[in-house]
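Every read-out reported here was derived from the displayed coordinates using simple, explicitly stated rules and does not represent laboratory data. Computed from a predicted model, the values in this text were never measured in an experiment. Reconstructed Cβ throughout: ideal geometry from the backbone, glycine too, with neighbour counts over all protein chains shown.
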Amino acid sequence: MKIGLIPLDERPVNTRYPAMIAQIAGVDLCLPPTHLLSQFRQPADIDGLIGWLFEQAGGLDALIVSIEMLGYGSLIASRISQELPGEILARLEALSKLKQNHPRMELIGFNLITRVSNADSAIEEPDYWASEGRRFYQFSQLLDRLELGEPVSQELAELSGVLPANHIQDFLQRRLRNHTVNLAVIHLLAQGVLNGLVLSSDDTSPFGLPSSEKRHLGLWLRRLGLENRLLMYPGADEVGSALLARVFNQQAGFAPAFRVSYAVPGGEAIVAPYEDSPVSVTIERQIRAVGGSIVAQKADFWLAVNPPAPRRSEWSPEYAEQERNERLPYLKKMAAEIQQRLEAGEAVIVADVAYPNGADPVLIELLLERVDITRLAAYGAWNTAGNTIGTALSQGCASRLARTPEQQSAQQRFLLHRFVEDWGYQQVVRRAAWRWLWNEYGRDELDAEILPEVIAFITAGLERRIEQLPGFRDVFRLASGSVRLPWNRLFEVDFELETANH
């Protein structure tokens, strides 16, 4: 089976992860050449991508397309570019032509409801976000609350008087453009050009313009009767992997059934950071995205969820002891049940969403002490809850198709990759690298002069983490020279694993 993927952007989470999951499932995944993709704030060669699509389409069984990449040139381009709606929509006409030329090809699109970042940082946003990001986040919240009838007009007027008028216009006009594009792709779905569509919410919250736009898009979803073909849920960087799993599950005639267990009672009702609904809703919708369902008995997978901590923030040493004491008895019970189910031959997926941007140290400690982690169907603990859950479900589904030695090796490699990155890097090495940078250079930003030294520090840290992972350390190792920082920042890392006897 051959599946094409136009990714959200060039980062490993959108390219390497789907490729590794495809290897597990025995699927031939066709990604565009790197030179056609975006490079950080530089948009993709969209004309080149469209040409590549028409060259490849005849040999594809299915095609998964990021509307951000095809329409704007990347995720960041959708947040910062000045192009008019008509320019974006003209590029999407390629999808209609592709479907006309290849009517039997499954064509699935995915797009985002543009986020409003709650940070004074312009790395992935317009330049004025560096000083006004938090205020625009508040502005977005107030606009939505006013729409919902809350008495916030005075507060909104005061904030509007502080923000530059031209920046407000830029912000609102770009959101209007992107909302128009989302309406247009719903139209493509209704016309039958797209066989399926995901509109996910990137770094969202219960209030704000993204939530407002989501409600309005939902009206058209219901009016057109598209509930079974369009999914809306929190997520972004995992969507390509989830839709890949959906396609290969359908082709294999596999409708995965999941039994979900939450480690901490009541944890299913907590709204995870950067999301707008309880984590139980995120899980239900991510399961739907891969073509699965939740059951009470006779499941294909037991999904063990370490739910969000009530504090709803990143792990912090300030609260570590208190949260450990509160959650430890429940996590011990879950670790014991995971091992029992593995010994009984069940397929177990672990989704650790206690904290955003890295694993729960307490759960990791218990897993390494009490669980044969090499037997897990999947593990995830990175970035947002949606990112973690969608990626873990996708790997779990792929693991059911891993029959050859090559596929089984790919399964072990990606499982180790998740532990090394989600725990080793995001929870341990990245924090140490930030401290080291401040101690050595008094800053946390990178430049070409210190980058080799930073890479060496990270490489040594990741190698030490692999040594701490029983069952993996004698099988795989970090490929020499493979560690890199894709956007020259510490937030994300990329690396390769090779067999130890390579």
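The table below lists the values:
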item: Globularity index of region 421-502, i.e. its alpha-carbon radius of gyration over 2.2 N^0.38 Å; result: 1.10
item: Simple label model, 7 Å out from Cα along Cβ direction - D494 to S313, nm; result: 3.3 nm
item: Cβ-defined net charge surrounding W220, 15 Å radius [Lys, Arg +1; Asp, Glu -1]; result: +3
item: The chain: proportion of alpha-carbon pairs further apart than 31 angstrom, %; result: 44 percent
item: Reach of K99 by Cα under 28 Å, taken over lysines that are not fewer than 8 positions away in the same chain; result: K2, K214
item: Contact order normalised by residue count of region 254-402, Cα under 8 Å, 6+ apart, percent; result: 27 percent
item: Pairwise centroid distance, computed over Cα atoms, of region 164-178 with region 282-320, Å; result: 35 Å
item: Helix runs (DSSP H) in the chain reaching 18 Å along axis by Cα, Kyte-Doolittle at least -1.0; result: 85-101, 129-147, 165-191, 209-223, 239-252, 385-399, 451-467
item: Stretch gain in nm, segment Q39-D120, where the contour uses 0.36 nm per residue and the Cα spacing is subtracted; result: 26.9 nm
item: DSSP-loop chymotrypsin sites (Phe, Trp or Tyr not before Pro) across region 393-502, with at most 14 other Cβ within 10 angstrom; result: F491
item: Calculated log₁₀ intensity ratio I(q)/I(0) where the Debye formula runs over C-alpha points of region 254-402, q = 0.12 Å⁻¹; result: -0.44
item: Spin-label model distance (nm) - A255 vs R134, 7 Å beyond Cα toward Cβ; result: 4.9 nm
item: Virtual spin-label span in nm between N501 and Q56, 7 Å along Cα→Cβ; result: 3.5 nm
item: Difference of contour (0.36 nm per residue) and Cα-Cα distance, L172 to A432; result: 89.7 nm
item: From the C-alpha gyration tensor of region 168-319, square roots of 5λ in Å; result: 28, 24, 12
item: Estimated vicinal HN-Hα couplings, Hz - region 259-276 in sequence order (Karplus 6.51, -1.76, 1.60; Gly, Pro = x); result: 9, 9, 10, 9, 5, 10, x, x, x, 5, 8, 7, 7, 5, x, 6, 10, 10
item: Formal net charge of residues neighbouring S205 (Cβ-Cβ distance under 12 Å; K, R +1; D, E -1); result: -1
item: Under 18 Å from K298, Cα to Cα: aspartates and glutamates that are on another chain or at least 8 residues apart; result: E284, E337, E343, E346
item: Part-to-part distance (alpha-carbon centres) for region 191-252 and region 379-451, which is given in Å; result: 25 Å
item: For region 362-489, Kirkwood radius (reciprocal of mean inverse C-alpha pair distance, Å); result: 16.0 Å
